[in-house]
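Chemist: Please see the structure below; I have some questions.
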Amino acid sequence: MAIQWYPGHMHKAKKAIIERLKSVDMVIEVLDARMPASSENPLLGKLSSDKPKLKILNKQDLADPERTALWLVEFQSRPNTNAIALDASDRQAAQKLIAACRALVPNRKGVDKPLRVMICGIPNVGKSTLINGMLGKKSAKTGNEPGITKAEQRLFLADDFWLYDTPGMLWPKIIVEEGGYNLAAGGAVGRNALDEETVALELIDYLRRHYLPQLQERYQADKNESSHWRDEQWLEWIGRRRGALLGGGRINYQKAAENTLTDFRDGHIGRITLETPNQWEQWLKAAQRREAEQKAERERRKAERKGKAV
Ligand code: G4P
């Protein structure tokens, strides 16, 4: 896919995470409840397999509640893992988070044995907002530009609760193509790294197949007629509805795409989750099959070249 998003500072972020993992008792991973699997760092699971994990499905206010419930069950079925759904408007969010950490590692308490927690998440997932809530004041920096690295910080929530904040990061290779598009739709990827029209069309494709009534409602489309529309027709309609027009009444597709993505990110299309555990499993299997085929093909060519050279 045409999304390139691994700038140099992300290598540093990865190194910082590997280093910090050595000295923490547990790991919080903040996920986007609208795309829990896409926003889950595939490296983190491997790097921290022995640590208790708490998965936070953040922005649950924007996600489909039925699907959030499915994802919680999925994460909770994993060994040594708990999962909770939160959102920034939940006044109890910070307390729920702290309580869940304490419950996961009950033996670490008191100044001699502080609970040392590392918190990770992709850019823009709401990590700073949650940390601010836990600290009870505005001290962790928040911002909407994905990919800005902050130096790792150690924050003292209590004498016996230390929180290590790591820079928001994505990973070098996203093998599940649908996951890459979901991350882009959610705004985890810097604007100049993606073609917004392609991302918007992929988003529309999923929405018209799984959330058609919400799409029709948001953009006031005729229910019978629009149920047969293709993705491009939807984008054109959205462009017209949102006044994304060029001279002569032509559609400004770039603007229409931006409008679609903003509407999704702000929850204006409804509470939407772009993947279920079953869908993700299927996408992952297909991606792994593709990867294996590509690898076999590379090896075949290599052997062929070697054979010719002899
Ligand atoms: P980060 O540290 O992970 O990069 O994310 P950050 O906390 O900066 O949050 C990114 C954006 O997501 C912020 O919006 C924040 O308000 C919003 N956000 C965080 N958690 C939630 C949540 O649970 N639900 C919803 N709906 N939004 C959430 P922003 O537009 O950048 O800033 P502002 O609106 O806070 O000014």
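Chemist: I'd like the projected area of region 268-310, averaged over all directions, using the convex hull of its alpha carbons. Report it in nm² with one decimal.
Modeler: Numbers: hull surface 17.7 nm².
Approximately 4.4 nm², given one-decimal rounding.
Chemist: Pairs of Cα atoms under 8 Å, at least six residues apart: use those to get the relative contact order of region 8-165, whole percent. It would help to have the intermediate numbers written out before the result.
Modeler: Values: 245 pairs, mean separation 40.1, N = 158.
Once divided by the residue count of region 8-165, the mean separation gives 25 percent.
Chemist: Another question about this same structure. Please work out the average accessible area per residue across region 8-165, using the 1.4 Å probe convention, and give it in Å².
Modeler: Per-residue accessible area for region 8-165 comes out at 46 Å².
Chemist: Tell me, what are the semi-axes, in whole angstrom and largest first, of the equivalent ellipsoid of region 147-256 as set by the roots of 5 times the Cα gyration tensor eigenvalues?
Modeler: On the way: eigenvalues 289, 55, 41 Å².
Ellipsoid semi-axes (Å, largest first): 38, 17, 14.
Chemist: Restricting the calculation to Cα positions, tell me the Rg (one decimal) and the Dmax (whole number) of region 70-131 in Å.
Modeler: 13.0, 39
Chemist: While we're here: Please report, in whole Å, how far the alpha carbons of region 8-165 spread along each principal axis, starting with the longest.
Modeler: For region 8-165, the Cα extents along the three principal axes come out at 42, 36, 33 Å.
Chemist: Using Cα pairs under 8 angstrom and six or more residues apart, how large is the relative contact order of the chain, in percent? Before the final figure, lay out each step's value.
Modeler: Details: 462 pairs, mean separation 63.3, N = 310.
Relative contact order here is 20 percent.
Chemist: So what's the gap between the Cα centers of region 48-89 and region 207-262, to the nearest angstrom?
Modeler: 32 Å
Chemist: Probe radius 1.4 Å, ligands and nucleic acids ignored: give me the carbon and sulfur share of the accessible area of region 35-138 as a rounded percent.
Modeler: Numbers: 2460 of 4680 Å².
Accessible surface attributable to carbon and sulfur in region 35-138 totals 53 percent.
Chemist: Which angle from 0 to 90°, rounded to the nearest 10, does the C-alpha axis of helix 253-265 make with the longest principal axis of the chain?
Modeler: Approximately 40 degrees, to the nearest 10.
Chemist: Okay, next question. Set Lys and Arg Cβ to +1 and Asp and Glu Cβ to -1, take the dipole of the chain about its Cα centre, and tell me which of VAL176, GLY239, VAL27 lies farthest positive.
Modeler: The residue sitting farthest along the positive end of the dipole is VAL27.
Chemist: Mean shadow of the chain, computed from the convex hull of its alpha carbons, in nm²? Don't skip to the answer; put the middle values down first.
Modeler: Numbers: hull surface 82.3 nm².
Answer in nm², one decimal: 20.6.
Chemist: What is the packing order of peptides 72-82, 103-113, taking the mean over residues of other C-beta atoms within 10 Å and listing the highest first? Please list the in-between numbers first.
Modeler: On the way: 72-82: 14.5, 103-113: 12.3.
The most tightly packed comes first, giving 72-82, 103-113.
Chemist: Which order do the peptides 303-309, 243-249, 172-178, 259-265 take when ranked by the mean count of other beta-carbon atoms within 10 Å per residue, highest first? Numbers along the way, then the final one.
Modeler: Working: 303-309: 8.4, 243-249: 10.6, 172-178: 16.6, 259-265: 20.7.
The most tightly packed comes first, giving 259-265, 172-178, 243-249, 303-309.
Chemist: Follow-up question, since we're still on this one. Packing-wise, with mean Cβ within 10 Å as the measure, how do 157-170, 272-285 rank, highest first?
Modeler: Working: 157-170: 19.8, 272-285: 18.0.
Top to bottom by mean Cβ count within 10 Å: 157-170, 272-285.
Chemist: Percent antiparallel among DSSP beta bridges with both residues in the chain, to the nearest 5?
Modeler: Values: 6 of 27 bridges.
The answer is about 20 percent antiparallel.
Chemist: Across bins of 5 angstrom width beginning at 0, how are the C-alpha pair distances of region 14-102 distributed, in whole percent?
Modeler: All Cα pairs, binned at 5 Å, distribute as 3, 14, 25, 25, 19, 11, 4, 0 percent.
Chemist: Related question: Return a whole-number percent for the relative contact order of region 195-266, with Cα pairs under 8 Å and 6 or more residues apart as the contact set.
Modeler: On the way: 63 pairs, mean separation 25.6, N = 72.
Relative contact order comes out at 36 percent.
Chemist: Additional query: Express the carbon and sulfur contribution to the solvent-accessible surface of region 195-266 as a percent, rounded to the nearest whole number, probe 1.4 angstrom.
Modeler: Numbers: 1580 of 3800 Å².
Exposed carbon and sulfur together represent 42 percent of the surface.
Chemist: Can you list the residues of region 109-139 with backbone N under 16 Å from a point 7 Å past the Cα of ASP160, pointing along Cα to Cβ?
Modeler: It comes to 109-117, nothing else.
The values are calculated or read from the model by the stated rules, or taken from the named source; none is laboratory data. What you see is a predicted model, and the numbers here were worked out from it, not measured in a lab. Virtual Cβ from ideal backbone geometry, glycine too; neighbours counted across all protein chains shown. Side chains are part of the model used for accessible areas, which takes the heavy atoms of the whole protein and leaves out ligands, DNA and RNA. Shrake-Rupley method; radii C 1.70, N 1.55, O 1.52, S 1.80 Å.
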